[in-house]
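The values are calculated or read from the model by the stated rules, or taken from the named source; none is laboratory data. Worth saying up front: this structure is predicted, and the values here are computed from it rather than measured. In this analysis, Cβ positions are derived from the backbone assuming ideal geometry, glycine residues included, and neighbour counts consider all displayed protein chains.
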Amino acid sequence: MLVAAFTWGDLWRLALALFLLAVGLGFAYLLVRLAGTAGRLSAFIGGAEQEILPVINKVGGSVDRVNKQLDKVDKMTDSAVDAVEGVDTAVRTVSHAVTRPVQKVSGLAAGLTYGAADFKTKRDWKHAVQAGKDAAARREQELLEDLHDAGGGS
């Protein structure tokens with residue numbers, strides 16, 4: 001009978017072989033699990049791509065439509081600004097055309113009032129005329145200053 005001698009060196013080699021076999025099986029199990037996870041991740045990314053790309057396309061179309069509407073609003077705003085500028089010009093023209101006659105009528109009324117009051121108190125026609133002229137000039141100047149302060153006169 002042949003008996004093999006089993007030494008400590010053989011035991012050490014057997015333990016090392018069993019350890020390497022366990023490590024190899026552990027790595028194999030880990031790689032199988034990692035492959036499954038990678039497969040699920042790939043499927044998830046593919047599904048997300050199929051779902052998200054149409055949404056991105058719709059959002060792009062919506063942004064294009066919003067930009068077109070904003071362009072229309074921009075044109076309307078420009079038209080409104082042009083209309084307001086036209087109205088402002090018309091109002092300024094009318095204001096300038098009306099300012100001088102109103103100034104003269106106001107001065108005439110003030111001159112007549114002061115002249116009549118002066119004639120009543122002093123009974124001097126020349127003095128009353130001069131007082132009326134002075135009062136009319138003062139009133140016209142006051143009205144001109146008021147219009148300048150208000151920003152509407154020239």
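When every residue of segment 7-18 is checked against the conditions, at least one turns out to be loosely packed, with under 10 Cβ neighbours inside 10 Å and either part of a helix (DSSP H, G or I) or at pLDDT 95 or above (or both).
Of the residues making up segment 88-127, those that are surrounded by fewer than 10 Cβ atoms within 10 Å (Cβ to Cβ) and among the β-branched types (Val, Ile, Thr) number 0.
Residue-wise test of (1) at pLDDT below 85; (2) small (Gly, Ala, Ser).
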| position | (1), (2) |
| --- | --- |
| Val73 | no, no |
| Ser79 | no, yes |
| Ser95 | yes, yes |
| Arg100 | yes, no |
| Gln103 | yes, no |
| Gln130 | no, no |
| Leu144 | yes, no |
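Checking each residue in segment 69-112 for being under 27 Å from Asp149 (Cβ atoms) and basic (Lys, Arg) picks out Arg92, Arg100, Lys104.
For Gln50, state whether it is surrounded by fewer than 10 Cβ atoms within 10 Å (Cβ to Cβ), within 48 Å of the chain's Cα centre (by Cα) and free of Cβ contacts under 8 Å to residues at least 60 places away in the same chain. So Gln50 fits the description; yes.
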